[in-house]
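The values are calculated or read from the model by the stated rules, or taken from the named source; none is laboratory data. Keep in mind that what you see is a predicted model, and the values were worked out from it rather than measured. Here the Cβ positions follow ideal geometry from the backbone for every residue, glycine too, while neighbour counts run over all protein chains shown. These accessible areas exclude ligands, DNA and RNA; they are computed on the full protein's heavy atoms, side chains included. Shrake-Rupley method; radii C 1.70, N 1.55, O 1.52, S 1.80 Å.
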Amino acid sequence: MPEQPHNPPDQRQNVRPALETLSDEELMRRVRDQDDANAFNALVDRFSGELQRYLRHYLHNTDAADDVLQTVFLQAYRHRDQYRSERRLRPWLYGIATHSAVDWLRTKTRLHEQSFDQPPAAADESSEAFERRLLDLVAADLRGPASQAESGEQRALLRKAIRKLPDHLRSVVVLVCLLGMKQRDAAETLDVPVGTIKSRTHEAIRTLRKEFASPGESAS
């Protein structure tokens with residue numbers, strides 16, 4: 001008697017492409033309504049990289065970012081019933097990531113020992129490029145050679161200045177200035193009006209410029 005084909009592997013091969021064709025929101029609805037583990041794993045695959053990059057920039061600590069990333073997906077799964085069908089998933093996940101990062105910073109008793117002054121981790125090869133994008137913004141109106149604005153010392157000052165920002169300003173800096181998120185998406189992520197994002201961005205840039213202004217220079 002001829003051997004029968006193995007259906008389970010074929011079924012698995014058919015399931016994967018089907019999930020890959022679904023939108024983020026469709027996958028999340030499957031997680032919410034059907035407790036679909038495959039759909040949830042597909043979302044983890046889609047968003048792990050970009051959320052990890054965001055958390056590394058926010059926390060400037062690779063190990064902490066990896067830990068918080070686990071918390072983000074755990075919270076997303078635990079609160080899947082709170083996901084609204086009309087909301088885009090990416091800002092919803094970034095909102096969870098932002099709150100999780102802030103919680104980590106607030107609850108760590110050794111926050112002052114975290115090394116925000118060290119160079120970015122080698123695993124995040126684009127850190128320097130992201131930092132330079134923001135550095136270009138805060139140094140645009142300051143006098144001095146371009147090489148000075150791009151120096152390692154200036155980048156270290158930038159990281160220290162970002163660390164000093166209050167949570168509501170730091171979130172905007174990382175989302176809009178570093179990661180290049182549109183203000184509309186940042187507003188949805190942080191659950192505030194677009195106008196608030198604009199005002200916080202201007203406030204953050206003014207604050208950072210003051211950190212870079214030399215004595216006697218205008219920081220406005």
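Remarks
- Packing-based ranking, highest mean first, of 58-68, 18-28 given that Cβ atoms within 10 Å are counted: 58-68, 18-28
- The label-point distance for K164 and S23, in a model that sets each label 7 Å from Cα toward Cβ, rounds to 4.4 nm.
- Of the residues V102, V194, ranked by 1.4 Å probe accessible area with the largest first, the sequence reads V194, V102.
- Compared with the alpha-carbon gap, the fully stretched path from R206 to Q34 is longer by 57.2 nm at 0.36 nm per residue.
- Label-point gap, in nm, between R78 and R184 - each point 7 angstrom along Cα→Cβ: 3.3 nm
- Among 39-52, 169-182, the order from most to least packed when residues are scored by Cβ within 10 Å on average: 169-182, 39-52
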